[in-house]
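Any read-out appearing in this document is the output of simple, stated calculations on the displayed coordinates, not a laboratory observation. Keep in mind it's a predicted model, so treat the numbers as computed, not measured. All Cβ positions, even for glycine, are placed from backbone atoms using ideal geometry, and neighbour counts span all protein chains on display.
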Number of protein chains: 2
Amino acid sequence: MEALTSRQQQVLDYIQTSQTQHGVVPTMREIARQFGFRSMTAAADHVRALRRKGYLVHHPRAARSHSVIPAMQTMVPRSLVNVPLYGTIPAGFADERTQEAERTVAVDFESLGLRPDSKIFALEVRGDSMINRHICDGDIAIIDRSRTPKQGDVVAALIDRESTLKTLEFENGRPYLRAENPHYLNLHPSHELLIQGVMVALVRRHV
Amino acid sequence: MEALTSRQQQVLDYIQTSQTQHGVVPTMREIARQFGFRSMTAAADHVRALRRKGYLVHHPRAARSHSVIPAMQTMVPRSLVNVPLYGTIPAGFADERTQEAERTVAVDFESLGLRPDSKIFALEVRGDSMINRHICDGDIAIIDRSRTPKQGDVVAALIDRESTLKTLEFENGRPYLRAENPHYLNLHPSHELLIQGVMVALVRRHV
DNA sequence: GACACGACTGTTCATTTGCCTAGTCTAGTC
DNA sequence: GACTAGACTAGGCAAATGAACAGTCGTGTC
């Protein structure tokens, strides 16, 4: 990749910092102000040079569109993502994402075989209703919201305004939720079954 | 943090995805187009709601400025370490570290409550000898070599030149290994008991 | 000296874009 | 029924913004 002049490097650094720290890319005027240019054209020239040299992608005429090309961004080893960890998920979560997620869990998408665009959250398991599937109280279930649940999947479902894990089963084409513990009853939903995601992995801390 | 409606969640997801994947935040019109709104006001309403509920930061009148607040973004990894994942551990492993570990697993030391100087490796569980402790065939056990095993700990021990998981127990002051499955026998070692580490966590892939 | 190029000033212009007003429809709640 | 809130349509305005044009100045280089 073609080398940059020192000034171009400064401009690139500024754009990149702004992008990662504030979430938005600066405008030509903001770049000009940052470096004390009296004219935006100076900033535009630098941006044009960075484009030409392949450091920025750009959508013509779109505001704030000089984003640093993804491959150049601070790369993360493997595909590690911190996902929110919920204790109990209040009613309607999958839609809500109430931010009571104080904690997060690092999930390695790659080693779990997840697609990069999967929507993942983590749920702390309460109770032993899934004990016969070897899912214990205190386990952390990694849930994929973007996966369509199939028969036999362990799913996070909304029951009594709380999210719990159950196995998804079908009977005469109608879905119901099976607890993997004979002391618990299966749930045949009267109306709509609210499934928030499919469990794709499990993490257990062993003190 | 206040809860979101399903539509608001969708909009937030779209903004966040766009921000991380393309580097730029979508405009009101792009949001409207994405969701098929005929009017931008619909998009603006959602963005306003997200702002009010604290999910987006925003600079008035600035283009593409609805960035997802930094704290909510996928955060940089913490103390992440790739540890070797062994299938079966050959005899004398702990000293050798034969690099036949084709695979590695990313482990977040912090969220697992591990000390930074812990010596960690991963072991794929074979068989169901620990099934009553809800450790299944195919699970990945995270083992700490630097921890001193206590009674009741699940340990990786060297038996018949292979490493397997058992529960450490004591009888008259003498240690022995208990299988958590009545079909398996407990092991009372005749000579020395070779314990390679204590299981500190478990990861299970659910297809 | 002629030429190229990077860095910059000053100004203008067409679009892009956020945001406002005004209103409809639906669902839920007291 | 009255009331509230969310979700949406329709149209329009003013600010924000990228980009173009026309130059200047300095530093190399052939």
- prompt: Between copies, how far does the label point of A:Arg29 sit from its twins, in nm, shortest first, when each point is 7 Å from Cα along Cα→Cβ?
  reply: 1.9
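Need one number: the % of Cα-Cα pairs in region B:1-66 sitting beyond the 17 Å mark.
33 percent
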field: For A:Val198, B:Val107, order by how many other beta-carbon atoms lie within 10 Å, fewest first
entry: A:Val198, B:Val107
field: For B:Asp45, inter-copy label distances in nm, listed shortest first [label point 7 Å out on the Cα-Cβ vector]
entry: 4.9
Taking A:Leu123, A:Leu85 and counting other C-beta atoms within 10 Å, the order from fewest to most: A:Leu85, A:Leu123
- line: Mean other chain Cβ within 10 Å across B:55-68 is 3
- prompt: Averaged over peptide B:9-17, how many Cβ atoms belonging to another chain are found within 10 Å of each residue's Cβ?
  reply: 2
- line: Label points for A:Gly127 built 7 Å along Cα→Cβ; distances to same position in the other copies, nm, shortest first, come to 3.6
